[in-house]
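The values are calculated or read from the model by the stated rules, or taken from the named source; none is laboratory data. All values derive from a computational prediction rather than experimental measurement. We place every Cβ from the backbone using ideal geometry, glycine too, and count neighbours over all the protein chains shown.
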Amino acid sequence: MSEVNAHPLAVDGPREIRKPSSGRRGRRRGVEIKPGTVKQARSEAGLSLAQVAGTELSRTAIYFVETGKAKPSMETLKLIALRTGRPLEYFLSRQAATSPRSSAGVEEIERLIVTGDPAGALATAEPELVAEHDPEIVARIKFLMATAHLRLGQPVPARRLASSARAHFEAAGDMLMTAECLGTEASAAYVLHDPGALAIVEGALATCRALDPPAPITESRLLAILGSVHITNRNWQRAIDAYELAVAAGDVVQDLRRLSLMFNDLSVAYGQLGRFNDAARYAHRAIGIHETLSDRLSLARSENNLGLLLIKRGDLAEAQGHLERALALFDEAGVEPQRANMLMSMCELHWLRGDLEVADQKAREAIDFATRAGEPINVGESHVWLGRIAEARGDRGQTDVDFTTAFELLKDSAERFSQAHVLYAEILESRGDLGGTVRHLRLALATRSYEHPVDSAATA
C-alpha cells in the first residue's frame with residue numbers, strides 16, 4: 001500500500017526543555033473574537049458570505065468563523081474588518097488584546113499562507129529575513145517559512161528552519177512557540193518516514209501540556225500530527241484515537257486545511273481496519289475541503305488514498321481515475337517528494353490487473369523519484385514490488401535480489417520491514433521452501449514484538 005500523508009531525514013530528538021518561571025506564552029494560531037460579532041458586522045453591512053470571503057477565502061471559512069466553529073487568523077480577521085467597515089477592536093475579545101512582537105513583513109507572510117500562496121510567502125519572507133534584526137521576529141519568519149515549505153512538499157528546508165526558530169524560542173522561554181516549532185519538525189520528519197518523528201511530537205506534546213494556562217489549539221494541532229505519525233507507522237487504531245483527542249482538545253475547528261488532512265488520514269485508518277463506509281465518507285469530506293481551499297497537493301494525496309480504498313473494495317476502474325488525477329496534480333505542481341507513493345499506487349493497480357510490464361515500469365519510476373527526494377523507505381517498498389513482479393515472471397534470482405535490497409532499506413521502519421518479510425515468506429512457501437518461510441516469518445514477528453511495546457509505553 002502507498003498511503004500518502006501531508007507531512008516528510010534523520011533528525012535529532014527533542015532536547016530537554018525546562019518550564020520557565022516567567023510563564024510567558026507565545027502566540028496562539030487563532031484569534032479570540034467576541035461571539036456573534038462577525039455575523040452582526042456582515043449583516044449590518046448588507047454583505048453575503050461570498051462578498052466577505054472575496055477571492056482570498058471561502059464562504060465555508062467565513063461561515064465557520066461566524067458560527068464559532070473556527071477561530072480566524074489575524075490576517076483573516078483584518079480582511080473581515082476591511083470588508084465590513086468595522087475596526088479590529090470591534091471583533092477582538094480581551095484575551096486577544098496583547099500579542100507578541102510582529103512586523104508588517106510577518107503579517108504579509110501570514111496573509112499569503114492563510115490565502116493559499118505558500119510560494120508567495122517564501123518570496124516575501126526571504127528578503128525580510130535578511131533585512132530584519134529583531135531576533136524574535138527573525139524566529140517568527142523562520143517558523144512561517146517552515147510552514148510554507150511544508151505546504152509546498154519541501155520537508156528538508158522546513159525541518160531546518162523550524163529547528164532554528166525553536167532554538168530562539170526555547171532560549172527565550174517561549175514554550176508555546178517551542179512546542180509549535182517541534183510540531184513542525186515532527187511533520188517534516190514523518191513525511192520522509194523518519195522514525196524519530198514519534199519522539200519529536202511526543203516531546204512537543206509534553207511541552208505543550210506543561211503550559212499554564214493550557215493551549216488547547218496547539219495541543220489539538222500536535223495530536224493531529226501524532227495521528228499522522230501513527231498513520232505512517234501503520235498503527236491504525238492509535239491514529240484514530242489521536243485524531244479523536246485532537247478534536248476534543250481543540251473544541252472548535254481552527255484550520256480547515258488541518259481538518260481536511262485529519263479527514264484524509266482517518267479515511268486511510270478506517271480503510272485499513274476494513275471499515276470502508278467510514279473510510280469513504282472521510283475521504284470525500286477531505287477532498288471537498290481541499291477543493292474549496294484550492295489545496296492541490298493535499299487534494300492529490302486524498303485522491304491517491306481514495307483510489308487505494310477503491311482498490312481494496314475491488315473497484316479498479318473507478319480507482320484508476322482517482323489515481324490518475326493524483327499523479328496529474330503532482331505533475332502540475334512540479335513536486336517530487338511523495339510522488340513515489342502515487343506511482344506505487346499505480347503499480348499496485350496494474351499488478352492486480354495482471355499487467356506486469358506497466359507495474360514494473362511504475363515501480364522503477366517510483367524508485368527514481370524516491371531516490372532523488374531522499375526517501376529510502378519508498379525506495380525499499382518499490383523494490384518489494386519489483387521482487388513480487390519478478391517472482392510472477394518466474395525470475396526467482398531477481399526476486400531474491402530485490403527483497404534483499406528492500407530489507408536493507410526498510411530496516412528503520414519496523415512495520416514495513418515486518419511486512420516485507422511476510423510477503424517474502426509467502427513467496428518462499430509457494431516455492432516449497434518451508435525452512436526459509438519459517439525463518440522470515442520469525443523475523444517478521446520478532447520485529448513486531450520488539451516495536452509495539454516501545455510504542456505503547458511512549459504513547460500511553
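Key figures
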read-out: Residue list for region 248-277, filter: at pLDDT below 75 and under 17 Å from the mean Cα position of the chain (by Cα); value: VAL253, GLN254, ASP255, LEU256, ARG257, ARG258
read-out: Criterion: at pLDDT below 85 and surrounded by fewer than 17 Cβ atoms within 10 Å (Cβ to Cβ) - qualifying residue of ALA96, ALA104; value: ALA104
read-out: Extreme residue, nearest to the chain's Cα centre (by Cα), among residues of region 54-63 that are surrounded by fewer than 21 Cβ atoms within 10 Å (Cβ to Cβ) and assigned to a helix (DSSP H, G or I); value: THR60
read-out: Odd one out for LEU309, checked against (1) crowded, with 22+ Cβ neighbours inside 10 Å; (2) in contact with a Ser or Thr (Cβ under 6 Å, 6 or more places away or on another chain); value: (2)
read-out: Contacts under 8 angstrom Cβ, first residue in region 32-54 being over 20 Å from GLU89 (Cβ atoms), partner assigned to a helix (DSSP H, G or I) and hydrophobic (A, V, I, L, M, F, W, C), 6 or more apart; value: LEU49/ILE62; ALA53/ALA61; ALA53/ILE62; GLY54/LEU79
read-out: Matching residues in region 144-191 - criterion: being small (Gly, Ala, Ser) and within 19 Å of the chain's Cα centre (by Cα); value: ALA146, ALA148, GLY153, ALA158, ALA162, SER163, ALA179, GLY183, ALA186, SER187, ALA188, ALA189
